[in-house]
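Report on one structure; see the data block that follows.
The values are calculated or read from the model by the stated rules, or taken from the named source; none is laboratory data. Values in this document were obtained by computation on a predicted structure and should not be read as measured data. With ideal geometry, Cβ positions are generated from the backbone for all residues, glycine too; neighbour counts draw on all protein chains shown. When the accessible area is computed, the model is the full protein with side chains, heavy atoms only, and any ligands, DNA or RNA have been set aside. Shrake-Rupley method; radii C 1.70, N 1.55, O 1.52, S 1.80 Å.
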Amino acid sequence: MTTDPFFHPVSGFDLPRYAGLPTFMRLPLVEPGHDRFAEVDIGLVGVPWDSGTTNRPGPRHGPRQLRDASTMIRAEHGVTGLRPFETAACADLGDVGPNPADILDSMERITEFYGRMKRNGIRPLTAGGDHLTSLPVLRAVARETALGMVHFDSHTDLFHSYFGGSMYTHGTPFRRAVEEGLLDPKRVVQIGIRGSMYDREDRDFAAANGIRIIPVEEFHARGVADVMAEARDIVGSEPCYVSYDIDFVDPTFAPGTGTPEVGGPNSYQALQVVRELEGLQIAGADLVEVSPPFDASGGTAFLGVTIMFELLCAMIGAQKAAG
């Protein structure tokens, strides 16, 4: 299938990559209300919001920097040969406008935006934002059926609360998602978890609910292919979500994030794990926690958008298999 040329990105052969208004991967901007909105198969969305951050702020600036870096993405996957923009109608749907003074209102705005996408059959690929972003997105994407999830991160984000009762931070989204029935915990796998700990509350919650945690030590000992084979088995053939925190990657390769943890995968492994998602039925995906104030070289953002391109290809691969 070849999509309508309207949905193809602008080529670097036609307009220099540093010229023109930046959109995700140089795709057309098709915001809600656009007369071609309902034709989109996969929508790339920015959520410039970090009100759930508890350490170094800055991910609210992530989508803008990721858009700028994404002008380097080209039309064809260099390994698989997939030309995603000719296979599915992809577009930049713009940003969800948050309320920086109100976490609950922002989450309602995000859920409403993604609910509109869901009603139009558009699968989301999100650029955050901090990791709390995933919760309001899941409230829309998993409204009808609980999803499995492959989660790449150095933290579980399964804590009950912070600071004596704050239920909504970037350390709590997947605890809330399980409690709200948005995720099937027995179909959730968390990969790359590491670092010093407050206590074992999050690990105990995972064990009690059947969430599989693969610490980074096990990841390195077993290798990408073996770990990802298990991840695919856990998620199975039913729809799933993929959430990718950039701090999954070692800070040598991705320093621009708020809560870095040493000992993580390198940048090549960061891409490999996404390529191993082949065959999964991905209902949506996100890339979160890129923080431009700590990304002096821009390398974290470039890695982030390259991961987004890999996620996009994985989403389209599942679409081709289903079609």
> Quick check: is even one residue across the stretch 191-200 modelled with pLDDT of 95 or more, surrounded by fewer than 21 Cβ atoms within 10 Å (Cβ to Cβ), in a helix (DSSP H, G or I) and not aromatic (Phe, Trp, Tyr)?
Replying inline: no
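Of the residues Thr126, Thr111, which is open to solvent by 10 Å² or more (accessible area, probe 1.4 Å), of a type in the set (S, T, N, Q) and not in a loop (DSSP other than H, G, I, E, B)?
On the way: Thr126 fails: open to solvent by 10 Å² or more (accessible area, probe 1.4 Å).
Criteria check complete, one pass: Thr111.
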> Could we say that Glu278 is touching a residue at least 12 places away in the same chain (Cβ under 8 Å), assigned to a loop (DSSP other than H, G, I, E, B) and of a type in the set (Asp, Glu) here?
Replying inline: yes
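May I ask you to say which residue of Pro59, Pro16 is more than 16 Å from Leu311 (Cα to Cα) and open to solvent by less than 50 Å² (accessible area, probe 1.4 Å)?
Details: Pro16 fails: open to solvent by less than 50 Å² (accessible area, probe 1.4 Å).
Among Pro59, Pro16, only Pro59 is more than 16 Å from Leu311 (Cα to Cα) and open to solvent by less than 50 Å² (accessible area, probe 1.4 Å).
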> Restricting the search to the stretch 83-108, which residues are crowded, with 18+ Cβ neighbours inside 10 Å and either assigned to a loop (DSSP other than H, G, I, E, B) or among the basic types (Lys, Arg) (or both)?
Replying inline: Ala88, Ala89, Val96, Pro98
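Name the one entry in Ala296, Ala314, Ala283 that is touching a strand residue (DSSP E or B) at 6+ places or on another chain (Cβ under 7 Å) and open to solvent by 20 Å² or more (accessible area, probe 1.4 Å).
On the way: Ala296 fails: touching a strand residue (DSSP E or B) at 6+ places or on another chain (Cβ under 7 Å); Ala314 fails: open to solvent by 20 Å² or more (accessible area, probe 1.4 Å).
None of the other options fit; the residue is Ala283.
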> Within the set of pairs 6 or more residues apart or between chains, which connect a residue that is within 15 Å of Pro136 (Cβ to Cβ) inside the stretch 161-187 to a residue that is among the acidic types (Asp, Glu) with Cβ atoms less than 7 Å apart?
Replying inline: His170/Asp130; His170/Asp157; Thr172/Asp157; Pro173/Asp157; Phe174/Asp157
> Restricting attention to the stretch 155-189, and to residues there that are part of a helix (DSSP H, G or I) and touching a strand residue (DSSP E or B) at 6+ places or on another chain (Cβ under 7 Å), which single residue is surrounded by the fewest Cβ atoms within 10 Å (Cβ to Cβ)?
Replying inline: Val178
>> Tally up the residues in the stretch 201-252 that are closer than 23 Å to Ala285 by Cα, among the aromatic types (Phe, Trp, Tyr) and part of a helix (DSSP H, G or I), please.
In response: 2
